[in-house]
1. Restricting to DSSP loop positions (anything but H, G, I, E, B) with no more than 11 other Cβ atoms inside 10 Å of their own Cβ, which trypsin sites (Lys or Arg not before Pro) remain in the stretch 1-100?
2. Taking 4 °C and 1.567 mPa s as the conditions, I'd like the Stokes-Einstein D for the stretch 1-143 in µm²/s, using the Kirkwood hydrodynamic radius from alpha carbon pairs.
3. Is the stretch 58-115 rounded, prolate or oblate when judged by the Cα gyration tensor, a ≥ b ≥ c being the square roots of its eigenvalues, rounded requiring a/c under 1.5 and prolate requiring a/b larger than b/c?
4. Over the stretch 60-110, what percent of the accessible surface lies on carbon and sulfur atoms, probe 1.4 Å?
5. Can you give the helix-only mean residue ellipticity at 222 nm for the chain, where every DSSP H stretch with n ≥ 4 adds -39500 (n - 2.57) and the sum goes over all residues, rounded to the nearest 500 deg cm²/dmol?
6. Rg/Rh for the stretch 35-79: what does it come to with C-alpha atoms and Rh from Kirkwood?
7. Sorted by accessible area (1.4 Å probe), largest first, how do 175, 279 line up?
8. Among 156, 269, 143, which one moves the most in a GNM of the chain with springs linking Cα atoms closer than 10 Å?
Amino acid sequence: MDAPRVALAADPAFRADVLAGLAAPIRAVPARWLYDHRGSQLFEEITRLPEYYPTRTETALLEANSAEMAALAASDAAIVEFGSGSSAKTPILLRAVRPRAYVPIDISGDFLRESAESLRAEFPDLPVLPVEANFMDPIALPGSIAGLPRLGFFPGSTIGNMVARTAVDLLRAMKDTLGEGSRLLIGMDRIKDVEVLRAAYDDAAGVTAAFNLNLLHRINAELDADIPVDAFRHRAIWNDDLSRIEMHLEATRDVVFSVSGTTFAMRAGETIHTENSHKYGHRDSRLLLRAAGWGVIREWTDPKQWFSILLAEA
Ligand code: AVI
């Protein structure tokens, strides 16, 4: 049985997104709300699942090619990571490139401080300069890296969780943050056999289902809601037209519930759309990067071509 949840002070943005999303003709809640403390723990578990190939494929690609990546990066580069760098991937790159400074950018100050501490312990000679900010916006980098060539790092295929327009906005913001002439190392998930994709997002152990359903538990705990969670099931659907896996929460019977005093009714079979995970073909990734002012200069992929790391130049 799950531990009882302690009532938390509601984030007004969470409440606004949930109320608007549940009232919309196509019900949807933005994916960022999947990542509360429990959701982040479940995502960590997902990355270790046998069916979830992205994390281990990208890590292996980094391990196998980090020397070549380092050779293509300027020897006095500063690495700027979009995300807190709490994964195993960052040390692989830092060991190979030996940058002059490492700047992790993250919206969560707590995550940032924790991962900065552990990287300082592992790389005592490396200046670690965390910046607490939303990397969807252009960011002023620390003055101490002025003049150093910049290598951006955006692993994890997180770009895939954005629709093309948002992804291009982010890539443009990254270009503005890093500056003309800088480089970007980015992980992107490839289009592949639909059964492989479906299994990765609907694993046999039910961890991804728990990750998705956790959103409903979170709404109940934080937004004074009474959603009958047992009346919902996790669905992972391949949308071929839009080249993406979609996560949905499907009502298995007619339900009526309230959230912060507003009543909602859903018919059996209706869904709440909770996440997109876009997959890219060889040309798609180049087109996306090009649309934001980045030219691809090198791509590394695994033998099955399931995942790519691309090096692009602004
Ligand atoms: C964080 N992001 C890259 C994951 C993905 O694969 O799109 C999130 C995820 N959702 C379900 N499983 C993993």
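The values are calculated or read from the model by the stated rules, or taken from the named source; none is laboratory data. These numbers were taken from a predicted model, which means no experiment stands behind them. Glycine gets a Cβ as well: all are built from the backbone with ideal geometry, and neighbour counts include every protein chain shown. Protein only, heavy atoms only, side chains kept; ligands, DNA and RNA dropped before computing areas. Shrake-Rupley method; radii C 1.70, N 1.55, O 1.52, S 1.80 Å.
1. Working: sites: 5, 15, 27, 32, 38, 48, 56, 89, 95, 100; in loops: 5, 27, 48, 100.
Loop-located and lightly packed - 48.
2. 73
3. Since a/c reaches 1.5 but b/c is at least a/b, the shape of the stretch 58-115 is classed as oblate.
4. Numbers: 940 of 1960 Å².
Taking all protein chains in place, the stretch 60-110 shows 48 percent carbon and sulfur surface.
5. Per the formula, -11500 deg cm²/dmol.
6. 1.18
7. Largest accessible area first, the residues go 175, 279.
8. Top of the fluctuation ranking is 143.
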